[in-house]
1. Going through the stretch 24-49 one residue at a time, which ones are among the β-branched types (Val, Ile, Thr) and closer than 19 Å to residue 66 by Cβ?
2. For residue 83, are the conditions met, namely being part of a helix (DSSP H, G or I) and in contact (Cβ under 8 Å) with a residue 60 or more places away in the chain?
3. Can you spot a residue in the stretch 31-41 that is touching a residue at least 40 places away in the same chain (Cβ under 8 Å) and either among the β-branched types (Val, Ile, Thr) or assigned to a loop (DSSP other than H, G, I, E, B) (or both)?
4. If residue 1 passes every condition in (1) surrounded by 14 or more Cβ atoms within 10 Å (Cβ to Cβ); (2) of a type in the set (A, V, I, L, M, F, W, C); (3) not in a strand (DSSP E or B) but one, which one does it miss?
5. With 87, 27, 79 as the choices, which residue is at pLDDT 95 or above and either in contact with a strand residue (DSSP E or B) (Cβ under 9 Å, 6 or more places away or on another chain) or exposed (fewer than 10 other Cβ atoms within 10 Å of the Cβ) (or both)?
6. Scan the stretch 30-45 for residues that are surrounded by 12 or more Cβ atoms within 10 Å (Cβ to Cβ), over 15 Å from residue 73 (Cα atoms) and within 12 Å of the chain's Cα centre (by Cα) and jot them down.
Amino acid sequence: MQKKIPQRQCMGCRERRPKREMIRVVRGTDGAVNLDFGGKAPGRGAYICPDPECLKKAMRSKALDRSLEVTIPQEVYERLAKEMEARHE
């Protein structure tokens, strides 16, 4: 029997994809917002596709802000954009 692959919804395009293909943004217990590449950091998480268009949509709609219940600092968006560029190359 095949093992079930966990699915998560992108905050930009709203499509469901395998968890391992996504980038997790997490609000830690201290309130700080960070990127979590291991997927195991404690705190409230939201997922986004590694696609710059999804990031633009999420920024425009403030979907990550609403999902994490906190205002996302601009530095986190910049780190996300850099990470997406690195994965695209």
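1. So the first thing to find is which residues in the stretch 24-49 are among the β-branched types (Val, Ile, Thr), and the list is 25-26, 29, 33, 48.
Matches in the stretch 24-49: 25, 26, 33, 48.
2. Numbers: part of a helix (DSSP H, G or I): yes; in contact (Cβ under 8 Å) with a residue 60 or more places away in the chain: yes.
Yes: the conditions hold for residue 83.
3. If we filter the stretch 31-41 for residues that are touching a residue at least 40 places away in the same chain (Cβ under 8 Å), which is where we start, we get 33-35.
Pick out the ones that are also either among the β-branched types (Val, Ile, Thr) or assigned to a loop (DSSP other than H, G, I, E, B) (or both) and you get 33.
There is at least one residue in the stretch 31-41 that is touching a residue at least 40 places away in the same chain (Cβ under 8 Å) and either among the β-branched types (Val, Ile, Thr) or assigned to a loop (DSSP other than H, G, I, E, B) (or both).
4. Condition not satisfied by residue 1: (1).
5. On the way: 87 fails: at pLDDT 95 or above; 79 fails: at pLDDT 95 or above.
Of the residues listed, the single one that is at pLDDT 95 or above and either in contact with a strand residue (DSSP E or B) (Cβ under 9 Å, 6 or more places away or on another chain) or exposed (fewer than 10 other Cβ atoms within 10 Å of the Cβ) (or both) is 27.
6. First, the residues of the stretch 30-45 that are surrounded by 12 or more Cβ atoms within 10 Å (Cβ to Cβ): 32-36, 39, 41, 43-45.
Subsequent filtering for residues that are over 15 Å from residue 73 (Cα atoms) retains 36, 39, 41, 43-45.
Once the filter is applied, which keeps residues that are surrounded by 12 or more Cβ atoms within 10 Å (Cβ to Cβ), over 15 Å from residue 73 (Cα atoms) and within 12 Å of the chain's Cα centre (by Cα), the stretch 30-45 yields 36, 39, 44, 45.
The values are calculated or read from the model by the stated rules, or taken from the named source; none is laboratory data. Quick caveat: nothing in here was measured; it's all calculated off a predicted structure. Using ideal geometry, Cβ is built from the backbone for each residue, glycine included, and neighbour counts are taken over all protein chains shown.
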